[in-house]
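> Before we start, here is the structure in question, set down as structure tokens.
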Amino acid sequence: MPCYYPGMLDEHYPVQRKMMTSSSQPYLRLILAMGTLPPATLIRHSFPEMKNTGERFTAHFISSIVARIPKELLDPEGKFGDLELGVCYIAGVAGNNYKQQFHIQLSALSDKYPVKDAGIALRYMPDVVSTANLAQLESSPDHVVFVCAVLGELYYRNAETWFRKNHQDHNPTSNSLLQVLENETDLKTWDTMDDATFDMLEKVLGKDAGKT
């Protein structure tokens, strides 16, 4: 199978195209591990006959929700250690439609000495999005902090969202345009995932959440 790739794509070097075949290069592998947009740009220039490259685009949109509850409500006997960390992954769909997926990354943190415990906490926290920051932890030594990173998927068949060639830019490393416009499907997914997150927090925090 022929495999095309561009040469040095820079204003100081000519753009070159080479062809190698699997028979002449039996160990040839083409690996595109650069995210979403750079591979699409590379494919567009390497295989210009592929006219639909970039006609569909999807990505995550995100809500970040933080809540807290007095530690005594979850630990009435005072058995929590100085640092407690728990995480949970919750998957969901909007309107019973798996084309409208979302998930909640929930972290629950209780940290009595956040500055002293920063090194340990950073090693075990799941990621920077679903983690309380230092200011939130310092102001909550007697609370459990709940951090929700809620990610939904853009509808991949939205005709108004695309990654197309920019014919006014002749630099092959940058001549692409990205347009992302949410449609009704995206907005319904976003509303559903936010409602689900607050419903989940209200069930976890309970009627005494107003004491925070």
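The values are calculated or read from the model by the stated rules, or taken from the named source; none is laboratory data. In this text the structure is predicted, and so the values were computed from the model without any measurement. Positions of Cβ are backbone-derived with ideal geometry, glycine not excepted, and every protein chain shown enters the neighbour counts.
> Pick out the one residue from 108, 118, 132 that is without any contact (Cβ under 8 Å) to a residue 24 or more places away in the chain, hydrophobic (A, V, I, L, M, F, W, C) and farther than 26 Å from residue 187 by Cα. Reasoning before the result, please.
On the way: 108 fails: without any contact (Cβ under 8 Å) to a residue 24 or more places away in the chain; 132 fails: without any contact (Cβ under 8 Å) to a residue 24 or more places away in the chain.
Just a single option satisfies the conditions, and that option is 118.
> If I go through the range 30-66 residue by residue, how many of them are hydrophobic (A, V, I, L, M, F, W, C), out of contact with any helix residue (DSSP H, G or I) (no Cβ under 8 Å at 6 or more places or on another chain) and either closer than 23 Å to residue 190 by Cα or surrounded by 15 or more Cβ atoms within 10 Å (Cβ to Cβ) (or both)?
6
> While we're here: Which members of the range 133-160 meet the condition of being more than 15 Å from the chain's Cα centre (by Cα), aliphatic (A, V, I, L, M) and assigned to a loop (DSSP other than H, G, I, E, B)?
Hit for the range 133-160 is 159, nothing else.
> Filter the range 45-87 for residues that are free of Cβ contacts under 8 Å to residues at least 60 places away in the same chain and outside any loop (DSSP other than H, G, I, E, B); which is farthest from residue 175 (Cα to Cα)?
Selected residue: 83.
> Give me the residue from the range 99-132 that is modelled with pLDDT of 90 or more and part of a loop (DSSP other than H, G, I, E, B) and, out of that set, surrounded by the most Cβ atoms within 10 Å (Cβ to Cβ).
114
> Considering every residue within the range 149-161, establish whether at least one is polar (S, T, N, Q), crowded, with 16+ Cβ neighbours inside 10 Å, within 24 Å of residue 197 (Cα to Cα) and touching a residue at least 60 places away in the same chain (Cβ under 8 Å). If you could, list the steps in order and put the result at the bottom.
Residues of the range 149-161 polar (S, T, N, Q): 158, 161.
Remaining after also requiring crowded, with 16+ Cβ neighbours inside 10 Å: 158, 161.
Then keep just the ones that are within 24 Å of residue 197 (Cα to Cα); that gives none.
Within the range 149-161, none of the residues are polar (S, T, N, Q), crowded, with 16+ Cβ neighbours inside 10 Å, within 24 Å of residue 197 (Cα to Cα) and touching a residue at least 60 places away in the same chain (Cβ under 8 Å).
> Looking at 90, 69 in this structure, which one is surrounded by fewer than 16 Cβ atoms within 10 Å (Cβ to Cβ) and in contact with a His (Cβ under 8 Å, 6 or more places away or on another chain)? Please lay out each step first, then the result.
On the way: 69 fails: surrounded by fewer than 16 Cβ atoms within 10 Å (Cβ to Cβ).
None of the other options fit; the residue is 90.
> Go through the range 48-100 and report how many residues are of a type in the set (D, E, K, R) and either under 22 Å from the mean Cα position of the chain (by Cα) or on the phi > 0 side of the Ramachandran plot (or both). Step through it out loud before you land on a result.
Applying the first criterion (of a type in the set (D, E, K, R)) to the range 48-100 yields 49, 51, 55-56, 68, 71-72, 75, 77, 79, 82, 84, 99.
Adding the requirement that they be either under 22 Å from the mean Cα position of the chain (by Cα) or on the phi > 0 side of the Ramachandran plot (or both) leaves 55-56, 99.
The qualifying residues number 3.
> Continuing with the same structure: Quick one: residue 212 ticks every box in (1) in contact with a Lys or Arg (Cβ under 6 Å, 6 or more places away or on another chain); (2) at pLDDT 95 or above except a single one, so which number is it?
So residue 212 meets the others, but not (2).
> How about the range 162-183: which of its residues are over 20 Å from residue 63 (Cα atoms) and in a loop (DSSP other than H, G, I, E, B)?
Here is the first cut: in the range 162-183, the residues over 20 Å from residue 63 (Cα atoms) are 162-179.
166, 167, 168, 169, 170, 171, 172, 173, 174, 175, listed by residue number.
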